[in-house]
Amino acid sequence: MASKARKIRAKLPSGFIDKTASDLRAEDRVMTAIREVYELYGFEPIETPLIEYTDALGKFLPDQNRPNTGVFSFQDDDEQWLSLRYDLTTPLARYVAEHFEEIPKPSRTYRAGWVFRNEKPGTGRFRQFLQFDADTVGVQDIIADAEICMMAADALERIGIKRGDYVIRINNRKVLNGLLEVIGLRNEKTQRKQLTILRAIDKIDKFGPKGVALLLGKGRLDESGDFTKGADLDASAVKCILDLIASETNNTSQVIDNLRKAVGKSANGLEGIAELEEMQSLFAISGYEDRMKIDPSVVRGLEYYTGSVFEANLLFDLVNENRQKVVFGSVGGGGRYDGLIAHFCSQPVPATGFSIGVSRLVTTLKNLEQFDTWKNEGPVIILVMDREHEALAGYQRIVADLRSAGVRAEIYMGDAGIKAQMKYADRREAPCVIIQGSIEREAGTVEIKNLIEGARLSKKIKDNETWRKQRPAQITVSQNQIVPEVKRILASHVRERRKDNL
C-alpha cells in the first residue's frame with residue numbers, strides 16, 4: 001500500500017507577513033498621502049526594477065565577499081550575480097548614471113516599492129518592506145536638503161500624525177568626520193574602527209550613554225550573553241564623543257556651541273556646522289523650526305552619506321498587539337550622498353533624498369487607537385432569503401443599482417441560512433444588510449439593517465424582548481429608495497468616525 005503523501009506545513013517565512021484587506025487599504029492611504037505631498041513639491045514618479053546586478057551595489061553591500069549576506073542574491077544562467085534591491089537609492093543612482101543625458105537637471109523624482117534585507121527580523125523590522133523615496137539630484141546647495149526635510153514633515157502630517165507627535169532629527173556627516181579627525185582616527189588605516197564608532201553612536205537611543213560608552217571602549221555584553229567587540233578607544237576619546245552626542249538640550253544655539261567646542265579644530269567639521277546653521281535658518285524662515293531638531297547622535301547606517309543626514313521619529317509611546325511598550329526607532333530618514341552616482345559614472349553628481357518606511361509606519365499606525373480611521377468598512381450585503389429565479393433576479397437588480405451609484409455591494413453567494421449570513425456580514429464588517437423575503441418582494445419593499453448603529457444601540461438595550469419589539473437600526477423602505485437610504489446610512493457612519501477622532 002502506498003504511503004500517504006506528506007502534507008507540507010503551512011508556515012510563513014520569518015521576517016515576512018501576510019496582509020489583510022485592512023492592511024492593504026491602510027497602506028494605500030499612507031502611500032496616497034505621501035504621493036500627494038511629493039507631487040505638491042514638484043517631484044515626478046519613476047520606477048526601477050526589483051532586481052539589480054549585484055555589483056551595482058558595490059561597496060555598499062554588507063559583505064562584498066558573500067553576496068547573499070545582508071541581501072538576497074542569486075546567479076542567472078550566465079552566472080552573473082543578481083540581487084533583490086536593498087534600498088531605492090542605489091537603483092536611482094544607477095538610473096541617473098544610465099540616463100544622464102536624457103533627464104532634466106536638477107532632477108526631482110520619487111519612487112515607491114519593495115526592498116529586501118537578508119537580516120534577522122525584529123519588532124517592526126521585516127525582511128521585505130515598502131519604502132517611499134524622494135530625491136533631488138544635481139543640486140549642491142543645502143536648500144535641497146532643507147526642502148526634503150520640510151517635505152517629509154508635511155507628508156507625516158498629511159498621513160495624520162499631528163504636529164508635536166513627531167520630529168525630524170538632523171545631523172551632518174561632516175561634523176562626525178570632524179569628530180573622528182579630532183580624536184585622531186580620520187585616515188584610511190582606521191576605516192573599520194571609524195565604522196565601529198559610527199555604529200556605536202547610532203545606538204544611543206537603544207542602549208543609552210552607558211551602553212554606547214561600552215561599545216566605544218572594549219565592548220558590550222548583552223542580556224543573551226553575546227559579546228559585541230567595541231572600538232577600543234581610550235577614556236578621553238570616549239568622553240569627547242559622549243559629551244557631543246549625549247547632550248539633552250533642545251536649544252539649537254547651545255547644540256551649535258557644543259559642536260564648535262567639539263570639532264572646531266576640524267575644517268570639515270566646521271563646514272558641517274555651517275550647513276546645519278543654514279538649514280536651521282531656512283526652517284525658521286519657512287515656519288518649520290518647531291518640527292526640526294539638530295541632533296549630533298543621528299548617524300544613518302549606510303556608508304554613502306556625505307553631508308546632511310536626517311531621521312523622522314515619532315514622539316509618543318507605542319505598544320504592540322500584546323499591549324507592551326516597544327521601541328520602533330525612525331519611520332523615515334535620508335541624507336546627502338554626493339559620491340554615490342559617481343560610482344557609476346566619471347563625473348561627480350550631488351544628490352540628497354528622504355525615504356519613508358511605509359511598512360513600519362503602517363504597523364505603527366495600526367498599533368495606535370487614535371488612528372482608528374484606518375479601519376476599512378466592508379461592502380453592503382444583500383442577504384439571500386429565497387433562491388428562486390425571480391428572487392435572485394431581484395437581488396441582482398438591487399446590487400447592480402448600488403454599484404452603479406458607487407456603493408460597494410455584494411449578494412451573499414453561500415448556501416447558509418439567515419443566521420449564518422448575518423454572521424458573514426459581521427465578519428465582512430458590512431455597514432448594513434438588505435433583506436427581502438417573499439412578503440417584502442410582493443410589497444415592493446426591503447428591510448435595511450444598519451449593523452454599525454445596531455452594534456452601538458445594543459450596548460444600551462440589554463433586554464431581548466425590548467430589542468425585538470423596537471427593531472432598532474432596522475427600517476423598511478420602498479424598492480426605489482434603497483440607494484438613497486443606503487447612502488444616507490454610509491454618510492452617517494463617516495460623520496460618526498470623524499466625531500470620534502476629534
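Just checking, how many residues over region 395-416 are over 38 Å from the mean Cα position of the chain (by Cα) and farther than 19 Å from Val477 by Cα?
Of the residues in region 395-416, 2 are over 38 Å from the mean Cα position of the chain (by Cα) and farther than 19 Å from Val477 by Cα.
Take region 112-128 and flag every residue that is modelled with pLDDT under 90 and open to solvent by less than 30 Å² (accessible area, probe 1.4 Å).
Gly124
Which of the residues belonging to region 70-94 are over 24 Å from the mean Cα position of the chain (by Cα), at negative phi and at pLDDT below 90?
Ser73, Phe74, Gln75, Asp76, Asp77, Asp78, Gln80, Trp81
Kindly establish whether Phe316 is aromatic (Phe, Trp, Tyr) and at pLDDT 90 or above. Steps first, answer last, please.
Values: aromatic (Phe, Trp, Tyr): yes; at pLDDT 90 or above: no.
Against the criterion (aromatic (Phe, Trp, Tyr) and at pLDDT 90 or above), Phe316 does not qualify.
Give the residues of region 129-151 that are open to solvent by 40 Å² or more (accessible area, probe 1.4 Å) and aromatic (Phe, Trp, Tyr), sorted by residue number.
Hits for region 129-151: nothing passes.
In contact with a His (Cβ under 9 Å, 6 or more places away or on another chain) and either within 24 Å of Asp18 (Cα to Cα) or modelled with pLDDT of 90 or more (or both), is that true of Thr136? Steps first, please.
Working: in contact with a His (Cβ under 9 Å, 6 or more places away or on another chain): no; either within 24 Å of Asp18 (Cα to Cα) or modelled with pLDDT of 90 or more (or both): yes.
Against the criterion (in contact with a His (Cβ under 9 Å, 6 or more places away or on another chain) and either within 24 Å of Asp18 (Cα to Cα) or modelled with pLDDT of 90 or more (or both)), Thr136 does not qualify.
Go through (1) modelled with pLDDT of 85 or more; (2) closer than 13 Å to Pro296 by Cα and name the single condition Asn268 misses.
Evaluating Asn268 over (1) modelled with pLDDT of 85 or more; (2) closer than 13 Å to Pro296 by Cα leaves (2) as the failure.
What pairs come out if I take residues in region 388-412 that are surrounded by 14 or more Cβ atoms within 10 Å (Cβ to Cβ) and pair them with residues that are among the aromatic types (Phe, Trp, Tyr) and assigned to a helix (DSSP H, G or I) whose C-beta lies under 9 Å away, six or more apart or interchain?
Taking only residues 6 or more apart or on different chains, the pairs are Ile411/Tyr395; Tyr412/Tyr395; Tyr412/Tyr424.
Of everything in region 177-187, what is closer than 8 Å to Gly272 by Cβ and buried (at least 24 other Cβ atoms within 10 Å of the Cβ)? Give them in sequence order.
Selection gives Gly178 alone.
Residues being open to solvent by 80 Å² or more (accessible area, probe 1.4 Å), part of a helix (DSSP H, G or I) and touching an Asp or Glu at 6+ places or on another chain (Cβ under 9 Å): count how many of those fall in region 1-42.
Here the count works out to 1.
List the number of the failed condition for Arg108; all other conditions in (1) modelled with pLDDT of 95 or more; (2) farther than 27 Å from Ala144 by Cβ; (3) not hydrophobic (A, V, I, L, M, F, W, C) hold.
So Arg108 meets the others, but not (2).
Out of region 404-442, which residues are on the phi > 0 side of the Ramachandran plot and charged (D, E, K, R)?
Glu429 - this is the single residue of region 404-442 that is on the phi > 0 side of the Ramachandran plot and charged (D, E, K, R).
Give the residues of region 139-172 that are under 25 Å from Ile273 (Cβ atoms) and out of contact with any helix residue (DSSP H, G or I) (no Cβ under 7 Å at 6 or more places or on another chain), sorted by residue number.
Listed by number, the residues that qualify are Val139, Gln140, Asp141, Ala144, Glu147, Ile148, Cys149, Ala152, Arg169, Asn171.
Return the total of residues in region 301-313 being open to solvent by 30 Å² or more (accessible area, probe 1.4 Å) and modelled with pLDDT of 85 or more.
Counting residues in region 301-313 that are open to solvent by 30 Å² or more (accessible area, probe 1.4 Å) and modelled with pLDDT of 85 or more gives 1.
Give the residues of region 66-113 that are in a helix (DSSP H, G or I) and out of contact with any helix residue (DSSP H, G or I) (no Cβ under 7 Å at 6 or more places or on another chain), sorted by residue number.
Of everything in region 66-113, those that are in a helix (DSSP H, G or I) and out of contact with any helix residue (DSSP H, G or I) (no Cβ under 7 Å at 6 or more places or on another chain) turn out to be Thr89, Pro91, Leu92, Tyr95, Glu98.
Over 26 Å from Asn250 (Cα atoms) and either under 31 Å from the mean Cα position of the chain (by Cα) or of a type in the set (D, E, K, R) (or both): does that describe Asp232?
yes
Only one of (1) farther than 27 Å from Asp87 by Cβ; (2) in contact with a helix residue (DSSP H, G or I) (Cβ under 8 Å, 6 or more places away or on another chain) is not met by Pro296, so which one is it?
Evaluating Pro296 over (1) farther than 27 Å from Asp87 by Cβ; (2) in contact with a helix residue (DSSP H, G or I) (Cβ under 8 Å, 6 or more places away or on another chain) leaves (1) as the failure.
So that you can scan it fast, the table gives a plain yes or no per residue for (1) among the small types (Gly, Ala, Ser); (2) closer than 20 Å to Tyr305 by Cβ; (3) part of a strand (DSSP E or B):
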| residue | (1), (2), (3) |
| --- | --- |
| Ala134 | yes, yes, yes |
| Ala146 | yes, yes, no |
| Cys149 | no, yes, no |
| Ala152 | yes, yes, no |
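Give the residues of region 341-368 that are within 25 Å of the chain's Cα centre (by Cα) and at pLDDT below 90, sorted by residue number.
Listed by number, the residues that qualify are Ser359, Arg360, Leu361, Val362, Thr363, Thr364, Leu365, Lys366, Asn367, Leu368.
The values are calculated or read from the model by the stated rules, or taken from the named source; none is laboratory data. Keep in mind that what you see is a predicted model, and the values were worked out from it rather than measured. Please note: Cβ atoms are built from the backbone with ideal geometry, for glycine as well, and neighbour counts cover all protein chains shown. With ligands, DNA and RNA removed, areas are computed over all heavy atoms of the protein, side chains included. Shrake-Rupley method; radii C 1.70, N 1.55, O 1.52, S 1.80 Å.
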